[in-house]
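See below for the structure under consideration.
Every read-out reported here was derived from the displayed coordinates using simple, explicitly stated rules and does not represent laboratory data. Please read all numbers here as calculations on a predicted model, not as lab measurements. Please note: Cβ atoms are built from the backbone with ideal geometry, for glycine as well, and neighbour counts cover all protein chains shown.
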Amino acid sequence: MPPISFNELPYFSDLFCDYINGNPALKKFYNGSFKSQEDIAAHIEHLRNQTYQRNALTDILALQNKTFHAREQTFAHIEQLREPDTFAIVTGQQVGLFGGPLYTIYKIITALQLCESLAAQHPGSKFVPVFWLESEDHDLDEANHTYVLDHAGALLKLEYERERGTDGNPVLSGSVGSVIFDERIKAVLESIEKNLNQTEFHPDVMKLISQSYAVGNSFVRAFAMLLQGIFPEEGLILLDPMDKNIKKLLAPVFRCELETTPRVSEAVISQSALLEINYHAQVKARSINLFMLWKKRAFRN
């Protein structure tokens with residue numbers, strides 16, 4: 001069966017299709033092409049010559065992944081990150097109910113396959129898969145539900161309803177990742193148990209989901225435990241950016257943004273103007289690219 005081009009499918013932007021197809025006109029916007037072995041090799045050497053706080057980061061990752069019930073191969077990959085010839089293949093997604101959209105799984109599979117492919121092409125280097133748990137997202141109404149197919153093959157919405165105050169209004173939740181599941185999650189689990197088709201996989205699937213999305217677990221821990229259960233032997237490393245120790249490692253980046261603002265925003269505006277000649281702007285520039293969490297609220301400039 002011949003492959004179907006992304007250009008023939010709906011919803012894919014012209015910029016995406018041109019990037020996938022290797023349009024040379026995009027070279028001025030991207031630092032190399034993923035299709036060019038020479039560009040990939042050059043980027044690996046560039047990274048090899050950089051200095052990173054590898055030991056501090058691996059110590060944090062080891063502690064985090066222990067709480068996520070990671071297996072032996074994950075910790076082996078974490079230890080490899082201490083070595084200067086080891087590189088991370090990073091993907092990520094907002095932490096959502098029951099793993100969120102299906103493409104979360106596709107992202108991970110792609111990262112795993114890319115690690116294998118790069119290791120075969122560059123035998124002097126090691127590549128490990130890392131998944132960034134987007135736990136600081138504040139859109140709980142986007143993350144608190146998902147859809148499954150019921151017995152009739154129809155889409156069924158499963159939702160962990162927001163907590164409401166005595167006035168009937170939603171209670172501020174802060175970062176999605178910090179939301180703790182209470183007794184209301186049991187009704188959602190009962191619904192998925194009732195509506196999922198009974199197959200030979202059903203008992204194991206429900207066991208994994210129930211253990212992950214249990215009362216007392218946070219959104220981020222539940223999401224992480226689910227991923228480790230789906231990929232138990234692949235050595236997937238999970239990273240939760242809400243960790244205060246991660247913030248300490250990033251302090252120089254935050255300081256640079258504060259001290260040089262609005263330099264980055266001006267660069268974004270400049271590049272967006274060039275992009276919009278033939279495509280659409282990719283991001284909305286802000287005067288400063290930081291936000292602060294305070295009493296379950298996110299404050300920007």
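Can you list residues whose amide H is under 5 Å from GLN93's amide H, if they're 5+ apart or on another chain and H is modeled 1.01 Å from N?
Under 5 Å from the amide H of GLN93 lie the amide H atoms of TRP132, GLU134, each far enough along the sequence or on another chain.
Mind giving me the nanometre distance, one decimal, between the label points for VAL283 and ALA154, set 7 Å out from Cα along Cα→Cβ?
Result for the modelled spin labels: 4.2 nm.
Collect residues whose amide H, placed 1.01 Å from N in the peptide plane, falls under 5 Å from the amide H of SER175; neighbours closer than 5 in sequence don't count.
none
Could you tell me what percent of the DSSP beta bridges with both partners in the chain are antiparallel, to the nearest 5?
That works out to approximately 45 percent antiparallel.
Could you work out how far the C-alpha centroid of segment 1-55 sits from that of segment 62-122, in angstrom?
After rounding, the separation between the Cα centres reads 20 Å.
For a footprinting-style exposure proxy, rank LEU15, LEU189 by other Cβ within 10 Å, fewest first.
In order of increasing Cβ crowding within 10 Å: LEU15, LEU189.
About the Cα centre, and with charges only on the beta carbon of Lys, Arg (+1) and Asp, Glu (-1), how big is the dipole of the chain? Nearest 20 debye, please.
860 debye
Residue-wise, which Karplus ³J(HN,Hα) couplings in Hz belong to segment 120-132, taking 6.51 cos²θ - 1.76 cosθ + 1.60, θ = phi - 60°, and x for glycine or proline?
These are the phi-based 3J(HN,Hα) values: 5, 7, 10, x, x, 10, 10, 9, 10, x, 10, 10, 7 Hz.
State, as an integer percentage, the relative contact order of segment 35-118 based on alpha-carbon contacts under 8 Å between residues 6 or more apart.
Relative contact order, segment 35-118: 22 percent.
Which chymotrypsin sites (Phe, Trp or Tyr not before Pro) does segment 31-82 hold that lie in a coil by DSSP with at most 14 other beta carbons within 10 Å?
PHE34, TYR52
Among ASN278, ASN144, ASN245, which one shows the biggest mean-square fluctuation in a GNM of the chain, springs joining Cα atoms closer than 10 Å?
With Cα springs under 10 Å in the chain, the top fluctuation among ASN278, ASN144, ASN245 is at ASN278.
Along the positive direction of the dipole of segment 53-193 (beta-carbon charges: Lys, Arg +1; Asp, Glu -1; about the Cα centre), which of LEU156, ILE180, LEU118 reaches farthest?
Result: LEU118, furthest along the dipole toward the positive end.
Obtain the radius of gyration and the Kirkwood radius of segment 96-139 from its C-alpha atoms and give Rg over Rh.
1.12
Take LEU250 and TRP132, extend 7 Å from each Cα along the Cα→Cβ direction, and tell me the distance between the two endpoints in nm.
Distance between the two pseudo-spin positions: 0.8 nm.
At a threshold of 8 angstrom on Cα-Cα distance, excluding pairs fewer than six apart, so keeping six or more, what relative contact order does the chain reach in percent?
Averaging sequence separation for qualifying contacts and normalising by length gives 19 percent for the chain.
Please list the three semi-axes, largest first and in whole Å, of the ellipsoid equivalent to the chain, using sqrt of 5 times the eigenvalues of its alpha carbon gyration tensor.
One finds semi-axes of 33, 25, 24 Å for the chain.
With each label point set 7 Å from Cα along the Cα-Cβ vector, what nm distance links THR199 and SER36?
Label-label distance for THR199 and SER36, simple model: 4.3 nm.
To the nearest 0.05, how large is the calculated FRET efficiency for LEU293 and ASP85 if R₀ is 51 Å and r is the Cβ-Cβ distance?
So the FRET efficiency works out to roughly 0.90.
When the chain is treated as a GNM, springs tying every alpha-carbon pair under 10 Å, which of ASP167, ASP18, ASP39 comes out with the largest mean-square fluctuation?
For the chain, modelled as a Gaussian network with Cα springs under 10 Å, the answer is ASP167.
Give, rounded to the nearest 20 debye, the magnitude of the charge dipole that segment 145-216 has about its Cα centre when Lys and Arg contribute +1 at Cβ and Asp and Glu contribute -1 at Cβ.
Rounded to the nearest 20 debye, it is 80 debye.
Could you give me the ³J(HN,Hα) list for segment 102-114, computed from phi with Karplus coefficients 6.51, -1.76, 1.60 and θ = phi - 60°, whole Hz, x at Gly and Pro?
Result, ordered by residue: 4, 5, 4, 5, 5, 4, 5, 4, 4, 5, 5, 5, 5 Hz.
Of the residues ARG54, ARG263, ARG221, which exhibits the maximal mean-square fluctuation in a Gaussian network model of the chain defined by a 10 Å Cα contact cut-off?
ARG263
Could you work out [θ]222 nm for the chain from helices alone, using -39500 (n - 2.57) per DSSP H run of at least four and dividing by all its residues? Round to the nearest 500 deg cm²/dmol.
-13500 deg cm²/dmol
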